[in-house]
Amino acid sequence: MKKLFALAASALAFTTVNAQDVQLTIHPEQGKDIIPNEIYGQFSEHLGSCIYGGLWVGPDSDIPNINGYRKDVFEALKDLDIPVMRWPGGCFADDYHWMDGIGPQENRRTLVNNNWGGTEEDNSFGTHEFLNLCEMLGCEPYISINVGSGTVEEMSNWIEYMTADGNSTWAKLRRKNGREKPWKVKYIGIGNEAWGCGGNMTAEYYSDQFRKYSTYVRNHADNKVYKIASGASDWDTRWTDVCLKNIGDGKMNGISLHYYSVRNWDYKGKATDFTQQEYYETLSRAIQIDKCIKNHREVMDRLDPGNKIGLLVDEWGTWWEVEPGTNPGHLFQQCTMRDALVASSSLDIFHKHTSRVKMTNIAQVVNVLQAMILTRGKEMLLTPTYYIFKMYNVHREATFLPATLTCDRIVVNEEESIPVVSTSSSRDKNGVIHVSLSNLDMNKDHVVAVNLDGLKVTGAEGEIINGKNVDDYNDFGKAELIAPKTFNGAKVDKKGGLTVTLPAHSVVTLTLKTK
Ligand code: AHR
């Protein structure tokens, strides 16, 4: 790690542990919103080695595979129990013509992936390969439709091909290509980043396009589509405002938001070699998604007071300069404990907003940006972010429990500061409370006094993920440096109080026994 930058904050002054310097009061009786499964969604784009080499190696590969799906990756994703996967892009979606990716492999067109590094795309992974993978993983498919360079007819045929029963030409073609029954495709995104790579449209023009396209997104057989509008980038609430006003409810079920934890798009910084200042700036940018969501919510609450339209953060995560020696267009990056803390603090924020935020999709599932899994030839590793998702699975479909957190803040610069701890709590279907705590402080341990507003804690056990250094990561051919371990830092006292000692830059998830 480079020389550390001295931050002007008393909280940062030294590495001594304060006795109970963080107070967390969880309010179990105030819990009402269920954290949807889809908050834990994934994104897979035809970009770099996300699909080819990551999810798919083809049946003839010497890399072990199940009918072409890479076996180690498939098993890791199955174990993660992912709820939804977005495909085929991203920017690629508005260049994708679905008929190139159906039928006998030898007849599929080979094209250039003009968005991502000019790589040849042989279309060997297409509609059947994606939808069958989703079925095997037990996750919902989320298809992003080509609006930028496609047509309404092409889209409408695709939806019929995937979801119609009966004897229409498209249903028959699907059968001829080996799939008898229609698939279930719940989530359809109409375009991607329509303000940029998806056609450089104005909000006004796009919302008219959405009105037209969505008319022909039909519910075939018993498939019921949830229609998603291509939403804003970051802080662009005008986009959300125009779309909601011009499209209105009834035509769209959700609108997306893209937010990456990037400070400077001209130089995004290195994934594994960063200063203390860069570390805190990244965490600060990640946490600002709270404010960003609030801003979009304000618009939505005003224009959709009945809360019928969901906000879907269908791209989020870190984005660094690519790993040295890799194709700059392939967005292959490592993932350290810093990325893990971005993931945990972002999930904490999404949990708070689930009355409006109905899905999020981290970018991306394998080998691209803040990935769950990295592969190199036959090798494969699980990133610290994978483990955060694993540890946080306990919160899925649980009731979010509001909480009051009192802690120091770390000053990042004249305008920004971050709390030393990020947290979220939930109560699952069996009434069990789970608490996640992230220590965002790079240097200091913090001691959290947890109070359950009336309930007594009689036991607490769980897991911790941490690295010796915040820039530690799991590397190919080396022992895994970052993986969850049993946590021994939770102490329950006779009065039912709970004290948790959080090592610097760590994430803990606890299961509580209460009475
Ligand atoms: O996730 C990488 C790219 O980021 C996506 O293709 C695009 O939608 C966004 O700009």
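The values are calculated or read from the model by the stated rules, or taken from the named source; none is laboratory data. Computed from a predicted structure; not experimentally measured. For neighbour counting, all protein chains shown are included, and Cβ atoms are generated from backbone atoms with ideal geometry for every residue, glycine included.
Of note:
- Gly467 being more than 30 Å from Thr375 (Cβ to Cβ) and small (Gly, Ala, Ser): no
- Here Ser256, Ser214 are screened, and the one residue that is of a type in the set (S, T, N, Q) and within 25 Å of His353 (Cα to Cα) is Ser256.
- Met155, sole failed condition from (1) in contact with a Phe, Trp or Tyr (Cβ under 7 Å, 6 or more places away or on another chain); (2) surrounded by fewer than 18 Cβ atoms within 10 Å (Cβ to Cβ); (3) hydrophobic (A, V, I, L, M, F, W, C): (2)
- Single residue of region 79-112 satisfying the filter (surrounded by 20 or more Cβ atoms within 10 Å (Cβ to Cβ), away from the ligand (no atom under 11 Å from the Cβ) and over 30 Å from Val394 (Cβ atoms)) that is nearest to the chain's Cα centre (by Cα): Tyr96
- Residues that are buried (at least 20 other Cβ atoms within 10 Å of the Cβ) and more than 17 Å from Tyr386 (Cα to Cα) within region 463-494 comprise Phe487, Ala490, listed in sequence order.
- Output for region 251-268, where each listed residue is part of a loop (DSSP other than H, G, I, E, B), within 15 Å of the ligand (Cβ to nearest atom) and buried (at least 19 other Cβ atoms within 10 Å of the Cβ): Ser261
- Residues located in region 333-344, provided they are part of a helix (DSSP H, G or I) and either in contact with a Lys or Arg (Cβ under 7 Å, 6 or more places away or on another chain) or within 19 Å of Phe43 (Cβ to Cβ) (or both): Asp339, Ala340, Val342, Ala343, Ser344
This table checks each residue for (1) outside any helix (DSSP H, G or I); (2) among the small types (Gly, Ala, Ser); (3) out of contact with any helix residue (DSSP H, G or I) (no Cβ under 6 Å at 6 or more places or on another chain); (4) away from the ligand (no atom under 16 Å from the Cβ).
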site	(1), (2), (3), (4)
Trp239	no, no, no, no
Lys270	yes, no, yes, yes
Phe274	yes, no, yes, yes
Gln277	no, no, yes, yes
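- For region 13-30, the count of residues that are of a type outside the set (Phe, Trp, Tyr), modelled with pLDDT of 95 or more and in a loop (DSSP other than H, G, I, E, B) is nonzero.
- The criterion of at least 3 residues that are within 16 Å of the ligand (Cβ to nearest atom) and not charged (D, E, K, R) is met by the following strands (runs of 3 or more DSSP E) wholly inside region 350-418: 357-363.
- When region 189-216 is filtered for residues that are more than 16 Å from the ligand (Cβ to nearest atom) and surrounded by 17 or more Cβ atoms within 10 Å (Cβ to Cβ), the ones remaining, listed by number, are Ala203, Ser207, Gln209, Phe210, Tyr213, Ser214.
- One residue alone among Asp249, Asp273, Asp241 is touching a residue at least 40 places away in the same chain (Cβ under 8 Å), touching an Asp or Glu at 6+ places or on another chain (Cβ under 8 Å) and over 26 Å from Thr385 (Cβ atoms), and that residue is Asp249.
- For beta carbons closer than 7 Å, sequence separation of 6+ or different chains, a first residue in region 456-483 that is among the aromatic types (Phe, Trp, Tyr) and at pLDDT 95 or above and a second that is surrounded by 12 or more Cβ atoms within 10 Å (Cβ to Cβ) and part of a loop (DSSP other than H, G, I, E, B), the qualifying pairs are Tyr473/Thr272; Tyr473/Gln334; Tyr473/Cys335; Tyr473/Leu481; Tyr473/Ile482.
- Scanning region 39-70 for residues that are surrounded by fewer than 23 Cβ atoms within 10 Å (Cβ to Cβ) and either acidic (Asp, Glu) or assigned to a strand (DSSP E or B) (or both) yields a count of 6.
- Test: residue in region 116-135 that is within 16 Å of the ligand (Cβ to nearest atom), surrounded by fewer than 20 Cβ atoms within 10 Å (Cβ to Cβ) and not in a loop (DSSP other than H, G, I, E, B): yes
- Residue match in region 147-158 (condition: within 16 Å of the ligand (Cβ to nearest atom) and under 30 Å from Met380 (Cα atoms)): no
- The set of residues in region 49-77 being within 16 Å of the ligand (Cβ to nearest atom), in contact with a helix residue (DSSP H, G or I) (Cβ under 8 Å, 6 or more places away or on another chain) and within 30 Å of His351 (Cβ to Cβ) consists of Gly54, Leu55.
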